[in-house]
Amino acid sequence: MSAVLRNEPPVRPEYVLPLLPAPADAAPRPYPLALRLWRSGWPRKLVLLAVLAIVWELAARWAGNDLLLPGFVQTARALGDGVVSGELPRYVGVSLWTLLQGYAAGVVGAFVLTTLAMSTRIGRDVLETLTAMLNPLPAIALLPLALLWFGLGQGSLVFVLMHSVLWPLALATYAGFRAVPETLRMAGRNYGLGPLAIVTQILVPAALPAILSGLKIGWAFAWRTLIAAELVFGTTSGKGGLGWYIYQSRNELFTDRVFAGLAAVIAIGLLFEHLVFQSVERLTIRRWGMQR
Amino acid sequence: MSAVLRNEPPVRPEYVLPLLPAPADAAPRPYPLALRLWRSGWPRKLVLLAVLAIVWELAARWAGNDLLLPGFVQTARALGDGVVSGELPRYVGVSLWTLLQGYAAGVVGAFVLTTLAMSTRIGRDVLETLTAMLNPLPAIALLPLALLWFGLGQGSLVFVLMHSVLWPLALATYAGFRAVPETLRMAGRNYGLGPLAIVTQILVPAALPAILSGLKIGWAFAWRTLIAAELVFGTTSGKGGLGWYIYQSRNELFTDRVFAGLAAVIAIGLLFEHLVFQSVERLTIRRWGMQR
Amino acid sequence: EGKLRVAQQFGITYLLLNVAQDQKLIEKHGQKQGVPVSVEWVQLSGGNAVNDALLSGSIDVAGAGVGPLLTIWDRTAGRQNVKGVASLGNYPYYLVSTNPDVKTIADFSDKDRIALPAVTVSVQARFLQMAAAKRWGTGEYARLDRYTQTLPHPDAAAAVVAGRTEINGHFATPPFQEQELAGNPKAHIVLNSYDVLGGPSSGTVLYATEKYVKENPKTTRAFIDALAEAADIATKNPELAADAYLRVTKAKIDRAFLVKILKNPQFQYKVAPTNTYGLAQFLFQAGAIKKQPATWRDYFFDHPALASGS
Amino acid sequence: MNVLPFQVVPNAPLLRAQGVTIEYPAAQGVVQATHDVSFDVWRGDRFVLLGPSGCGKSTLLKAVGGFIAPRAGSLQLDGRDITGPGRDRIVVFQEFDQLAPWKTVRQNVMFPLLAGKMPKREAEARALYWIGKVGLSRFLDAYPHTLSGGMKARVAIARALAMQPEILLMDEPFAALDALTRRRMHEELQALWEEVRFTMLFVTHSIEEALVVGNRILLLSPHPGRVRAELNSHQFGLHSAGGAEFQATAGRIHDLLFGGGDVADEPARAVQS
Amino acid sequence: MNVLPFQVVPNAPLLRAQGVTIEYPAAQGVVQATHDVSFDVWRGDRFVLLGPSGCGKSTLLKAVGGFIAPRAGSLQLDGRDITGPGRDRIVVFQEFDQLAPWKTVRQNVMFPLLAGKMPKREAEARALYWIGKVGLSRFLDAYPHTLSGGMKARVAIARALAMQPEILLMDEPFAALDALTRRRMHEELQALWEEVRFTMLFVTHSIEEALVVGNRILLLSPHPGRVRAELNSHQFGLHSAGGAEFQATAGRIHDLLFGGGDVADEPARAVQS
Ligand SMILES: Nc1ncnc2c1ncn2[C@@H]1O[C@H](COP(=O)(O)OP(=O)(O)OP(=O)(O)O)[C@@H](O)[C@H]1O
Ligand SMILES: Nc1ncnc2c1ncn2[C@@H]1O[C@H](COP(=O)(O)OP(=O)(O)OP(=O)(O)O)[C@@H](O)[C@H]1O
Ligand SMILES: [Mg+2]
Ligand SMILES: [Mg+2]
């Protein structure tokens, strides 16, 4: 430290100010529209999507092999045709309905498992062991069980979907639950909440960031599984979903339709991410200051 | 409130005690061996595994259909044969090696993506958009790309594995990063840490519970994908892995071998869960009081 | 020249390839042609993976059903121009049912579920449609589709052998059909693909891109010659073929059972395509392919060994 | 909300701690937080735990709250062992994160009331009353993360007071408050006590606060906490702060705590205030 | 560690806040935390921010730390605008969770030293020294979650002091400490200041502490924080607490803060102490 700093700070005169009236808190001043739009993320993401589309198109042209990798334009055309003919929306509808059932089953299962795990030691052992055992199992392992228990069709599909949602969601939720601050948990117990109420009223909201990321992962894996599983079983002719559409197009080497089907998956994924997950985040954890 | 309570508490005499010497902190008194073992979880989990095995065996006997659902005993025998003949360990070795490569690639990718996302707004847009778009895509969507870029074999497998690890891990990590308390982040910035150092020295340890759950999920899905993808990408001259073994056994209607292969997956999953993940948890987040 | 990557799928229908590999016939015939051939054998599952591998240049010759050949021929016309190289022999596909009431395809009802590797698009599904078209008229070809159900062969076979599930029918492929017939006393043949097509017909074929065949005429020739010799061996000496199969595929199937299957008089080991044009025409009528082949030669490369094809 | 409403035994203490030793397991060995602590709290007491940082005050409070089981000794409430937490003993924790981040100030205060099956309207009215008392009426619908440290502490206080529990366990509730706000809190606490006559166990590190708020003070030694003395302070009230007797008692407590006997783990400098 | 080591301008203040208004966005509207606050801090000052709970003290400190940008007005350090956080201004936050839970006490104190490229041995020696000063030598290898509230606060203080920063920003660092420990901290702070002559910005809600620790005190009004007065307290030191002048000044500050003018958002009761 330099010697100059050794100087005492100067002694300054004191002063007292009359107290100004407190200004009223203002309503938020809106930013200019353009800036607001840009900050909202939509335009930035649209630009990003456009860039991705261009990269894809260029890559496809460069590969020059449209049976293997059709370009963006070709895919968009196939997608447009599929939508106009009403074929694609129908497939999407079938898939989405199955998906939602399997997803819901998985969410309920994860909730039950993690609740048990938080309440009892044996529940905890069960959860840890079952996730470690069953999570790595591919869907084909479940096929025989599904056939025996549910027979063909919807039931088996829902079962397999549940398998793909349940474990990752249970893992994420469980990790989130266990990271909830001890003080919050103690407060909940202090107010006489029972084990179930502790879970629903303390752990779930406090672990919501982890649960939401689990839900997103589960959602994505449900799609992956659905597309794969609709090919393997559960399709009775004519009543197939998006996976069937993709499989059939692939069998007939209509690769642009395959990609159109996948583009539909992507579009639904983006829609869900923005309409559902991000809205939920904005209304909950972001609002609560639990996430930046 | 009853009237009795209105009474003032009695005035009691004061007292001062001589200060006793402070007892030295003791080393932890070990619990009896049996209790310690039980609490360590191993015996409980072994009992649980035994129960599961019995349930499986009973279910299989009840179904009485060993082509669809062989029992535990039959599977164990097939597993034993496979291990003794050295066939299964070889397949496991091949699969494990591929898996570790794909897993490592996915982890590195997730780290890069989330680091970018925490440092720049465009990185954030990229991460959010890419995960929402690509995560739901089944591996078949990547097949053409993989074939074009890597051809048949190891390269493509690693690519597809990376796809299955990258997105869920990135999602979980990103959610974990964003839930890190603001104060910790501010402390890090206060000490002049750059963006990368903030990530490695503040965000990663602070978000470790979320990251670990992402790693577990990624690990499980890498297995699922591997088993499925080994069939698609095939084997060259007998160098297949576990997925191929399962596929071939399935084609030959040796359902017990199929289940033996799956049992190997389960066994590896349990081993990894306990030897790797739970050890890491014990040495880190549990020790740091970040997880119950 | 001199390099050959062959993709095959699982099953007895690829027997000729197994024999050629086991006996090193391609290398032998390459020598005869004056090119040392190095062969790489790739195992893939599913016609789609095979097609993708072929189109991406990861393999040179692909093995799959006649259906996929026609599709890829149709779709690559004017681009890669994929055509057949050789047939892998004629094998009957049986439609097996465990429902005693089902004697012919007309007896199927809502109580029945017929497993197919892929409804409407697999070759088995096409055979079923052809049978329906024959019986009820061309417009009614899709009549049985609603009883069909996608299920991979092994799972379907397990279900048929074991009973206990809704699956009581399976349009299969060797050796699953033989296993079903052997494993479940109630299982019986309802339909034989030979009957649909009016005689023995090729099930599985090999195909390649025009580019490869043009650039590697000698290798291609050596390959086809080798297959022809393998067909010869299989016809004359099924035991040897069975051993080759077991050695190459490391399959655990019982040898005696395998030999019995291979000795099935309906099996014909030959490289010339047989009776494929009927299917091609049907596919065109059903709209599955857009181009009408004038003859079977449209979708096969020329080769003397195939001259007797149809 | 009464514990044993008709069996009140005015001749026995409500809370009885006997030889309470509490330990935490740690990597190198166990850490003793308190050693052989005994004290009695009578119905209506405003009982203060006073001691240096790290002496086990929070630990004792949590044990009474039912969150920690003592390693040795017994903790009895109305003659029965404490086995777990309960609505009869409402705790204000020392940490700021005791508020639910997903609830507004109003919801946070209403939460335990609703959990006790109080009708919504009544809970709301009570919550509003107490939020007003702690001076946060303007922040009714603010989420905790938008509050300052002291404001969070005040919400926690309001939440506990709104419960009007029979036993109130408070862990340095006013540490983050400025002089005036703290004084207002003292007054509110006093007024509520006059009205309800709850029993209070109060942790503080301020000698003055102990004298003003409490009627009886337990002095704990530095780590691990052992009983140093138990003193009366019922003679001091809100307005005695300046008086000579008050100063003398404060000085005496200071000497008891820091002057003689065992010293803190670092050699304490002479205290010269 | 010096900011501009050779350009010291002793005739200008080191830190200059001019018309600083800070706002937080909130759902219903913006919340003004401070309004038009101006003050100058000179090199070597121990400048105290004093004001009621929720008046924006922490907010001001974070703004000086570079974590929040003012909505209006300017904050200048050595003539240049503050644009972000930096190692020249070490902050002790009000929250307990400023310690890294994954580091032991020792590692937590060493962390910023190592981040500044100090050799490991030197960092360790310095950490040990300061951990000793805050009385936690016995807890060197303890993880934060095993510490009491006051112990966590002390680790944060040791960490900041070990940095020997040129500017120290402390937000109610001693709020969770008992009288003796707090006094010891005052002494350590004083000793360090004598040695290094750092500049300090210190938030407290205790008038006595402000007088003892600071040489100049900025009084802020209740929410939103506006400047009420700026007073000198360099005449008071560690040992003046009892004196008459001290008491008089404390009383004056009390009146300025709570007595007249604007009142807190709840009608304040008469203060009678
Ligand atoms: N979770 C824990 N694990 C291990 N040790 C702990 C834990 N919590 C507290 N301790 C130890 O117990 C002792 C007492 O802690 P406690 O929190 O009860 O102190 P306190 O009297 O409340 O102190 P303060 O006034 O600083 O809050 C301390 O030495 C601390 O290190
Ligand atoms: N993150 C935030 N979002 C919105 N408003 C906030 C935020 N942090 C603080 N505020 C508001 O700003 C005002 C000042 O808060 P600040 O934390 O600076 O007070 P303080 O003077 O430090 O009070 P205390 O002594 O209680 O800690 C308060 O009214 C508070 O509601
Ligand atoms: Mg404490
Ligand atoms: Mg503050």
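The values are calculated or read from the model by the stated rules, or taken from the named source; none is laboratory data. Since the structure is predicted, the reported quantities are computational estimates derived from the model, not experimental observations. Quick reminder, even Gly has a Cβ in these numbers, built from the backbone with ideal geometry, and neighbours come from all protein chains shown. Surface accessibility is based on the protein's heavy atoms, side chains included, excluding ligands, DNA and RNA. Shrake-Rupley method; radii C 1.70, N 1.55, O 1.52, S 1.80 Å.
Counting residues in the stretch D:76-96 that are assigned to a helix (DSSP H, G or I) and crowded, with 18+ Cβ neighbours inside 10 Å gives one or more.
Hey, can you tell me all the residues within the stretch B:149-172 that are open to solvent by 10 Å² or more (accessible area, probe 1.4 Å) and either within 28 Å of A:Ala170 (Cβ to Cβ) or assigned to a helix (DSSP H, G or I) (or both)? Hits for the stretch B:149-172 are B:Trp149, B:Phe150, B:Gln154, B:Gly155, B:Leu157, B:Val158, B:Phe159, B:Met162, B:His163, B:Leu166, B:Trp167, B:Leu171.
Of all positions in the stretch E:147-155, at least one carries a residue that is within 16 Å of ligand 2 (Cβ to nearest atom) and more than 11 Å from chain B (Cβ to nearest Cβ).
Scanning the stretch B:18-38 for residues that are surrounded by 11 or more Cβ atoms within 10 Å (Cβ to Cβ) and at pLDDT 70 or above returns B:Leu19, B:Leu20, B:Ala22, B:Pro23, B:Leu37, B:Trp38.
A search for C-beta distances below 6 Å between a residue of the stretch E:44-66 that is without any contact (Cβ under 8 Å) to a residue 40 or more places away in the chain and any residue that is aliphatic (A, V, I, L, M) and more than 12 Å from ligand 2 (Cβ to nearest atom), counting only pairs 6+ apart in sequence or on different chains, returns E:Gly66/E:Ile82. Cβ separations smaller than 8 Å between residues 6+ apart or across chains give the following pairs from the stretch E:229-256 residues that are of a type in the set (D, E, K, R) to residues that are part of a loop (DSSP other than H, G, I, E, B) and open to solvent by 20 Å² or more (accessible area, probe 1.4 Å): E:Glu230/A:Arg12; E:Glu230/A:Glu14; E:Glu245/E:Gln235. Here B:Ile266 meets each of (1) within 9 Å of chain A (Cβ to nearest Cβ); (2) under 30 Å from E:Leu168 (Cα atoms) with one exception, condition (2).
Cβ contacts < 6 Å: first residue closer than 17 Å to B:Ala228 by Cα and among the charged types (D, E, K, R), restricted to the stretch B:243-257; second residue open to solvent by 30 Å² or more (accessible area, probe 1.4 Å) and modelled with pLDDT of 80 or more, any location; separation 6+ or different chain. Result? Listed pairs, sorted by first residue: none to list.
When the stretch A:271-292 is filtered for residues that are away from chain D (no Cβ under 14 Å) and of a type in the set (Val, Ile, Thr), only A:Val276 remains. State all residues of the stretch C:74-91 that are touching a Gly at 6+ places or on another chain (Cβ under 9 Å) and farther than 19 Å from C:Phe223 by Cβ; if no residue qualifies, say none. Passing the criteria: C:Asn90, C:Tyr91. Filtering the stretch E:174-205 to residues that are facing chain D (nearest Cβ under 9 Å) and either within 16 Å of ligand 1 (Cβ to nearest atom) or over 30 Å from A:Leu17 (Cα atoms) (or both) leaves E:Ala175, E:Ala176, E:Leu177, E:Asp178, E:Ala179, E:Leu180, E:Thr181, E:Arg182, E:Arg183, E:Arg184, E:Glu187.
Okay, residues lined up against (1) open to solvent by 10 Å² or more (accessible area, probe 1.4 Å); (2) among the small types (Gly, Ala, Ser); (3) more than 25 Å from B:Asn135 (Cα to Cα); (4) assigned to a helix (DSSP H, G or I):
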| position | (1), (2), (3), (4) |
| --- | --- |
| B:Ile217 | no, no, no, yes |
| B:Ala228 | yes, yes, no, yes |
| B:Ala267 | yes, yes, yes, yes |
| B:Gln278 | yes, no, yes, yes |
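Looking across the stretch D:58-79 at every residue that is within 14 Å of chain E (Cβ to nearest Cβ) and within 14 Å of D:Met200 (Cα to Cα), the one that is nearest to the chain's Cα centre (by Cα) is identified as D:Leu61.
Looking at A:Gly214, A:Gly261, A:Gly218, just one residue is more than 30 Å from C:Pro152 (Cβ to Cβ) and more than 14 Å from chain D (Cβ to nearest Cβ), and that residue is A:Gly214.
The set of residues in the stretch E:28-70 being near ligand 2 (Cβ under 9 Å from one of its atoms), touching a strand residue (DSSP E or B) at 6+ places or on another chain (Cβ under 7 Å), among the hydroxyl-bearing types (Ser, Thr, Tyr) and open to solvent by 10 Å² or more (accessible area, probe 1.4 Å) consists of E:Ser58, E:Thr59. Any residue at all in the stretch B:55-64 that's of a type in the set (A, V, I, L, M) and either more than 12 Å from every other protein chain (Cβ to nearest Cβ) or under 26 Å from the mean Cα position of the chain (by Cα) (or both)? Checking the stretch B:55-64: at least one residue is of a type in the set (A, V, I, L, M) and either more than 12 Å from every other protein chain (Cβ to nearest Cβ) or under 26 Å from the mean Cα position of the chain (by Cα) (or both). Residues that are surrounded by fewer than 21 Cβ atoms within 10 Å (Cβ to Cβ) and within 19 Å of E:Pro52 (Cβ to Cβ) occur at least once in the stretch D:119-132. Has the stretch A:120-136 got any residue that is on the phi < 0 side of the Ramachandran plot and either basic (Lys, Arg) or touching a Pro at 6+ places or on another chain (Cβ under 6 Å) (or both)? Yes, the stretch A:120-136 has at least one match. A residue that is without any contact (Cβ under 8 Å) to a residue 12 or more places away in the chain, within 30 Å of B:Ile285 (Cα to Cα) and within 13 Å of chain D (Cβ to nearest Cβ) occurs somewhere in the stretch E:80-101.
Look at C:Asp302 and say whether it is charged (D, E, K, R), at pLDDT below 85 and either crowded, with 20+ Cβ neighbours inside 10 Å or over 30 Å from B:Thr255 (Cβ atoms) (or both). Taking the combined requirement at face value, the residue satisfies it. Of the candidates D:Leu114, D:Leu49, the single residue that is within 16 Å of ligand 1 (Cβ to nearest atom) and among the hydrophobic types (A, V, I, L, M, F, W, C) is D:Leu49. Residues in the stretch D:14-42 that are farther than 30 Å from B:Pro9 by Cα and either within 16 Å of ligand 3 (Cβ to nearest atom) or not assigned by TED's automatic domain parsing to the domain that holds D:Leu61 (or both): D:Tyr24, D:Val31, D:Gln32. Of the strands (runs of 3 or more DSSP E) entirely within the stretch C:26-135, those holding at least 3 residues that are open to solvent by less than 20 Å² (accessible area, probe 1.4 Å) and over 21 Å from C:Pro273 (Cα atoms) occupy C:94-97, C:114-116. Of the set (1) crowded, with 21+ Cβ neighbours inside 10 Å; (2) more than 21 Å from A:Leu100 (Cβ to Cβ), all apply to A:Gln201 but (1).
Matching residues to (1) open to solvent by less than 20 Å² (accessible area, probe 1.4 Å); (2) under 13 Å from the mean Cα position of the chain (by Cα); (3) away from ligand 3 (no atom under 16 Å from the Cβ):
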{"position": "E:Gly135", "(1), (2), (3)": "yes, no, no"}
{"position": "E:Ala142", "(1), (2), (3)": "yes, no, no"}
{"position": "E:Lys152", "(1), (2), (3)": "no, no, no"}
{"position": "E:Met163", "(1), (2), (3)": "yes, no, yes"}
{"position": "E:Asp178", "(1), (2), (3)": "yes, no, no"}
{"position": "E:Trp193", "(1), (2), (3)": "yes, no, yes"}
{"position": "E:Thr199", "(1), (2), (3)": "yes, yes, yes"}
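Just one residue in the set A:Ala78, A:Ala146, A:Ala110 is buried (at least 20 other Cβ atoms within 10 Å of the Cβ), assigned to a helix (DSSP H, G or I), touching a residue at least 60 places away in the same chain (Cβ under 8 Å) and within 20 Å of the chain's Cα centre (by Cα); that residue is A:Ala110. Among the conditions (1) aromatic (Phe, Trp, Tyr); (2) open to solvent by less than 30 Å² (accessible area, probe 1.4 Å); (3) under 20 Å from A:Asn135 (Cβ atoms), B:Phe272 misses just one, which is (2).
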